[in-house]
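What follows is a set of notes on a single structure, which appears directly below.
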Amino acid sequence: MFNKLIASLLPYFPKKFVWLFSKRYIAGQTIQDAVRESRKLNNEGIMITVDLLGEFITKLEQAEENKNEYIDIIETFERENIDGNYSLKPTMFGLLIDEEICYNKIREIVAKSAEYNNFVRVDMEDSQCVDKEIKLFRKLKDEFPENVGLVFQAYLKRTLDDIKGLEDLNSASNPLNYRLCKGIYVEPAEIAYKKYHKINDHFLTDIGYIFEKKMYLGIATHDKPLVEGTYMLIEKHKVPGEMYEFQMLYGVTPELRKSIVKKGHRMRVYVPFGSQWFAYSTRRLKENPKMASLIIKALFFRG
């Protein structure tokens, strides 16, 4: 009850207060902050994917601004020789306003990344976006077969069918490249699994299928049972190290992350940054009210 109360009130708190919590999970507000934190992770043998915070724009002018900022991010990170790639949310480019404009903006970003032989991950958003984002990915994959990947969310009941539905794009010479996460958006029980063990079961089922079909996979989880279950699936399917990686959010479960790296598995950390950090932080807290206790600790023990 206390955590939910804090989560509901957080948008009305002073931003300086919220930043005490947020700075642990966000690389910073500027591109220089993101480069600095990404280099630290690289020095630990960890790859990164950088994400400019923002989503669900309301004006198409914002799509152009976001595209230009992503182009700058790519040019900066490549110049700085950061070992990483790029993640983006299609609603940041007007997916729910004009699909064609959204596609053209994202296409420019993928094309810029391809100039450096690099890669862009298209994030999966809430259920109203899923079909549109699969359609967008298919179109990008056709033109940039080695430079674009997609995210799937294991808690959606449709996910395994969606993975199967893209199999025609998979080949030994150019395997599909997915990130699989549990899912963070609040969805109705009709379309999404709600129970912890049910979600975990489907997460592992999806992983097993992806490994069986020899697709590349980023296993995005901070859940130790899922990490252990993935180890067993890697062994069962004899998956070579170059066909998967573990992925985690910046600032989350660093000890588990270290243990995975120590075992010799590749690790990529999702590095979010930008001026939209406040909206990102308040949304994440609403989705996971248990994190409210961390804010209190930040205020009294870190401030």
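Here are a few things to note about the model shown:
- Evaluation of Y209 against (1) out of contact with any Pro (no Cβ under 9 Å at 6 or more places or on another chain); (2) under 13 Å from G183 (Cβ atoms) (one fails), failing number: (2)
- Search result, residues across the range 34-55 that are without any contact (Cβ under 8 Å) to a residue 60 or more places away in the chain and of a type in the set (A, V, I, L, M, F, W, C): V35
- Restricted to the range 252-264, and to residues there that are within 18 Å of the chain's Cα centre (by Cα) and touching a residue at least 60 places away in the same chain (Cβ under 8 Å), the residue that is surrounded by the fewest Cβ atoms within 10 Å (Cβ to Cβ) is V252.
- Elements of type helices (runs of 4 or more DSSP H) contained in the range 14-93, each with 2 or more residues being polar (S, T, N, Q) and more than 25 Å from V252 (Cα to Cα): 60-79
- Any hit, the range 89-97, residues being touching a strand residue (DSSP E or B) at 6+ places or on another chain (Cβ under 6 Å) and either crowded, with 22+ Cβ neighbours inside 10 Å or without any contact (Cβ under 8 Å) to a residue 12 or more places away in the chain (or both): no
- Restricting attention to the range 170-207, the residues being surrounded by 16 or more Cβ atoms within 10 Å (Cβ to Cβ), touching a helix residue (DSSP H, G or I) at 6+ places or on another chain (Cβ under 9 Å) and of a type in the set (A, V, I, L, M) number 5.
- Looking only at residues of the range 166-192 that are over 20 Å from the mean Cα position of the chain (by Cα) and free of Cβ contacts under 8 Å to residues at least 40 places away in the same chain, we find that the one that is farthest from D131 (Cα to Cα) is S173.
- Here the range 197-251 is the region considered, the condition is being in contact (Cβ under 8 Å) with a residue 60 or more places away in the chain and hydroxyl-bearing (S, T, Y), and the residue that is nearest to S173 (Cα to Cα) is Y216.
- Hits in the range 117-143 - residues which are assigned to a helix (DSSP H, G or I), among the charged types (D, E, K, R) and crowded, with 17+ Cβ neighbours inside 10 Å: K132, E133, K141
- Some residue of the range 261-280 being modelled with pLDDT of 90 or more and part of a helix (DSSP H, G or I): yes
- The one condition from (1) surrounded by 21 or more Cβ atoms within 10 Å (Cβ to Cβ); (2) in a loop (DSSP other than H, G, I, E, B) that Q247 does not meet is (2).
The values are calculated or read from the model by the stated rules, or taken from the named source; none is laboratory data. A quick note: this is a predicted structure, and the numbers were derived from the prediction, not measured. When we count neighbours, we look across all protein chains shown, and the Cβ atoms used for this are built from the backbone with ideal geometry, even at glycine.
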